[in-house]
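Engineer: Here's a structure for you.
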Ligand code: DC
């Protein structure tokens, strides 16, 4: 069957990764969380003292970009994709608050975006990929056959991230998360390079009032519509 590229963009914690991962599993596509790549670069900067407060030492980071190797590996037992930074599994660390608080500064840097976008485009060369992020439908794969833009209210998204972190045993407050979500919305939408915006040909999905199963069914319908395949899995 015709393999396509599926681009899922949207606001932070809008549930796009869950939707994208599940769709990829269902239809047998590769799933790539592009946000994890920006998070991995941020973690590298934290570990290599490339932050002075929230300011990035850009000259040093630019020099070290070639030393940052990001890869993904699926855990055979859980089926979850784990992000690796220079051979180390950093899946848990890249979701921590110190990384979340700084990642927008890293993702605003043009040379970081250039390097990661190239890597993302290489991953999509064979098609058969679901990638989620902020600029997948606009910059990484403007020719993607199916583009979705996901949104939900900041409060709904903060609650989801809060529940996720609490379940992982991290000590966080809801207010802190809500502030972080709003701050990242502002930075993601206002940055000069590839700001977060809906592609003209993307379908808008507001999932504030939807269950994960409802979103999944909707997304699978869109996939069947675009590929011309009417069979339901
Ligand atoms: O989806 P996320 O919250 O894990 O993304 C982390 C950060 O990376 C977020 O602040 C925006 C940025 N990002 C980006 O600029 N472009 C992408 N394609 C994916 C994420």
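Engineer: Looking at 114, 125, 91, which one is more than 10 Å from the ligand (Cβ to nearest atom) and closer than 30 Å to residue 163 by Cβ?
Structural biologist: 91
Engineer: Can you work out which of the residues in region 206-222 that are closer than 11 Å to residue 19 by Cβ and in contact (Cβ under 8 Å) with a residue 24 or more places away in the chain is surrounded by the fewest Cβ atoms within 10 Å (Cβ to Cβ)?
Structural biologist: Per the stated criteria, the residue is 212.
Engineer: Looking at (1) under 17 Å from residue 36 (Cα atoms); (2) touching a residue at least 40 places away in the same chain (Cβ under 8 Å), which is the only condition residue 151 fails?
Structural biologist: Failed condition: (1).
Engineer: Continuing with this model, one more query. Residues that are under 24 Å from residue 29 (Cα atoms), out of contact with any helix residue (DSSP H, G or I) (no Cβ under 7 Å at 6 or more places or on another chain) and within 15 Å of the ligand (Cβ to nearest atom): does region 182-193 have at least one?
Structural biologist: No.
Engineer: Considering region 27-44 alone, what residues qualify as being more than 10 Å from the chain's Cα centre (by Cα) and more than 15 Å from residue 74 (Cα to Cα)?
Structural biologist: Answer for region 27-44, where residues must be more than 10 Å from the chain's Cα centre (by Cα) and more than 15 Å from residue 74 (Cα to Cα): 27, 40, 41, 42, 43, 44.
Engineer: For residues in region 102-111 being in a helix (DSSP H, G or I) and within 10 Å of the ligand (Cβ to nearest atom), which is surrounded by the fewest Cβ atoms within 10 Å (Cβ to Cβ)?
Structural biologist: The selected residue is 105.
Engineer: If you don't mind, another one. Restricting to region 1-49, what's the tally of residues that are crowded, with 21+ Cβ neighbours inside 10 Å, more than 15 Å from the ligand (Cβ to nearest atom) and under 18 Å from residue 97 (Cβ atoms)?
Structural biologist: Qualifying residue count for the region: 0.
Engineer: List the residue pairs whose Cβ atoms are under 8 Å apart, where the first residue sits in region 112-125 and is more than 17 Å from residue 65 (Cα to Cα), the second is modelled with pLDDT under 95 and more than 13 Å from the ligand (Cβ to nearest atom), and the two are 6 or more positions apart or on different chains.
Structural biologist: That search, which allows pairs on different chains as well, returns 123/30.
Engineer: Please report, ordered by residue number, the helices (runs of 4 or more DSSP H) entirely within region 1-72 with at least 1 residues that are within 26 Å of residue 181 (Cβ to Cβ) and free of Cβ contacts under 8 Å to residues at least 12 places away in the same chain.
Structural biologist: 34-47
Engineer: Please enumerate the residues belonging to region 128-154 that are under 23 Å from residue 206 (Cβ atoms), more than 15 Å from the ligand (Cβ to nearest atom) and assigned to a loop (DSSP other than H, G, I, E, B).
Structural biologist: Once the filter is applied, which keeps residues that are under 23 Å from residue 206 (Cβ atoms), more than 15 Å from the ligand (Cβ to nearest atom) and assigned to a loop (DSSP other than H, G, I, E, B), region 128-154 yields 145, 153.
Engineer: Somewhere in region 155-165, is a residue in contact with a helix residue (DSSP H, G or I) (Cβ under 6 Å, 6 or more places away or on another chain) and outside any helix (DSSP H, G or I)?
Structural biologist: No, region 155-165 has no match at all.
Engineer: Shifting gears a bit: Would you mind stating whether residue 165 is touching a residue at least 12 places away in the same chain (Cβ under 8 Å), away from the ligand (no atom under 14 Å from the Cβ) and over 15 Å from the mean Cα position of the chain (by Cα)?
Structural biologist: Against the criterion (touching a residue at least 12 places away in the same chain (Cβ under 8 Å), away from the ligand (no atom under 14 Å from the Cβ) and over 15 Å from the mean Cα position of the chain (by Cα)), residue 165 does not qualify.
The values are calculated or read from the model by the stated rules, or taken from the named source; none is laboratory data. Keep in mind it's a predicted model, so treat the numbers as computed, not measured. Every residue, glycine among them, receives a Cβ derived from its backbone with ideal geometry; neighbour counts consider all protein chains shown.
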